[in-house]
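The values are calculated or read from the model by the stated rules, or taken from the named source; none is laboratory data. Please read all numbers here as calculations on a predicted model, not as lab measurements. Cβ: placed from backbone, ideal geometry, glycine included. Neighbour counts: every protein chain shown. Only protein heavy atoms, including side chains, enter the accessible area calculation; ligands, DNA and RNA are left aside. Shrake-Rupley method; radii C 1.70, N 1.55, O 1.52, S 1.80 Å.
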Amino acid sequence: MPIDQRYDPDNVFARILRGEIPSDRAYEDAEFVAFRDIQPAAPTHIVLVPRGEPPTSAASLRDVDAAWLGRMVVVASRIATAEGLDGDGYRLVVNCGDAAGQTVGHFHLHILGGRALGPVA
Ligand code: AMP
């Protein structure tokens, strides 16, 4: 998806958050929901998304987003531990825009693990 597009309230993650599309949830709290990726790129592949209408991509983040972003990374770390990934290690990924292959315009973080992941790119 192009960087800085307007938030589409019917994007797939918004629909998952509203319960319109089923998801295999791994975690949820008042701020965030995590579910298993439908096309896993690793034995464990979880997508962590903020509730509501967050920025569409990393390119739209502003200073005001720092607090919830920090909490989101802490939540990702907790999920990785709960999934048993903290021993061997894991990867947290944020794709931004077309060059990174971002397909959903709702800021999100991938948690990947369960195998040796190799170089980043
Ligand atoms: P990105 O490429 O960073 O935008 O990541 C979007 C991710 O959402 C991809 O890895 C997709 O496989 C995943 N995805 C798309 N639709 C669904 C869905 N209905 N349930 C779970 N994951 C999905």
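In the stretch 1-36, which residues are surrounded by fewer than 17 Cβ atoms within 10 Å (Cβ to Cβ), more than 13 Å from HIS106 (Cα to Cα) and among the hydrophobic types (A, V, I, L, M, F, W, C)?
ILE21, ALA30
Please list, ordered by first then second residue, the pairs with beta carbon atoms under 8 Å, 6 or more apart or interchain, first in the stretch 86-108 and free of Cβ contacts under 8 Å to residues at least 24 places away in the same chain, second more than 7 Å from the ligand (Cβ to nearest atom) and assigned to a strand (DSSP E or B).
LEU92/LEU109; LEU92/ILE111; LEU92/LEU112; VAL93/LEU109; VAL93/LEU112
Among the residues of the stretch 95-116, write down those that are away from the ligand (no atom under 13 Å from the Cβ) and open to solvent by 40 Å² or more (accessible area, probe 1.4 Å).
GLY114, ARG115, ALA116
For residues that are open to solvent by 40 Å² or more (accessible area, probe 1.4 Å) and either within 12 Å of the chain's Cα centre (by Cα) or farther than 16 Å from LEU112 by Cβ (or both), tally how many sit in the stretch 79-94.
3
Scanning the stretch 37-78 for residues that are without any contact (Cβ under 8 Å) to a residue 24 or more places away in the chain and within 21 Å of ALA100 (Cβ to Cβ), which turns out least open to solvent (accessible area, probe 1.4 Å)?
Restricting to residues being without any contact (Cβ under 8 Å) to a residue 24 or more places away in the chain and within 21 Å of ALA100 (Cβ to Cβ), the top hit is ASP65.
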